[in-house]
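Shown next, in structure tokens, is the structure this report addresses.
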Amino acid sequence: MINEILDDAKKRMGKSVDALKGELSRLRTGRANTALLDNIKVDYYGSSTPLAQVANITVVDSRTLGVQPWEKDMVRAIEKAILESDMDLNPMSAGDVIRIPIPPLSQERRLDLVKLLKSEGEGGKVAVRNIRRDAISHIKELLKEKEISEDDERHAEEQVQKLTDSSIASIDSLLKGKEEELMEI
């Protein structure tokens, strides 16, 4: 019973850390990264479709992304979707290829991104703490139903806390690395 609770908590905490990694990869750092365009949706024959499903996205160089639509008719729709996104990107089309220069970040924008980064990190930590709370409540239920002893309960709670501490340490290291990357000029 206890092992199942611990395994579940470990999996869920790992998923929380992975979700935070995904969110952080979308934060713009001044370098070209295909993940920057992951949240952009394009109007594709009346339905909102992720950009990656209607075009090939590549990194041309460290400051430029390339987008090559599968259909030539989609160039205008893709440009419009990129312009309307909140990413401050200005696409330029050259025939059937769209080039997206990634402008350098101003110091003010860097500081705003660091604030956003910290709030995302805090959200990840809250998720991990909620998982810890759930696991501990399940352990206390087992004790209440007399399925485990008080020693087992204490030992299991210590293991849950160790899992929590390691997950929060992972989140902190992710945040530190991303903050250094953002503040790099």
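Observations on the structure shown:
- Matching option when the condition is free of Cβ contacts under 8 Å to residues at least 60 places away in the same chain and either among the acidic types (Asp, Glu) or over 26 Å from Lys15 (Cα atoms) (or both), among Pro104, Pro91: Pro91
- Of all residues in region 82-112, those that are of a type in the set (A, V, I, L, M) and under 21 Å from the mean Cα position of the chain (by Cα) total 6.
- Residue-level analysis places Thr29 among those that are at pLDDT below 85, surrounded by 18 or more Cβ atoms within 10 Å (Cβ to Cβ) and at negative phi.
- Members of region 17-51 that are among the charged types (D, E, K, R), over 30 Å from Ile131 (Cα atoms) and outside any loop (DSSP other than H, G, I, E, B): Lys41, Asp43
- Test for Leu113: is it surrounded by 11 or more Cβ atoms within 10 Å (Cβ to Cβ) and at pLDDT below 85: yes
The values are calculated or read from the model by the stated rules, or taken from the named source; none is laboratory data. Quick caveat, the model's predicted, so the values are computed rather than measured. Every residue, glycine as well, gets a Cβ built from its backbone with ideal geometry; the counts of neighbours run over all protein chains shown.
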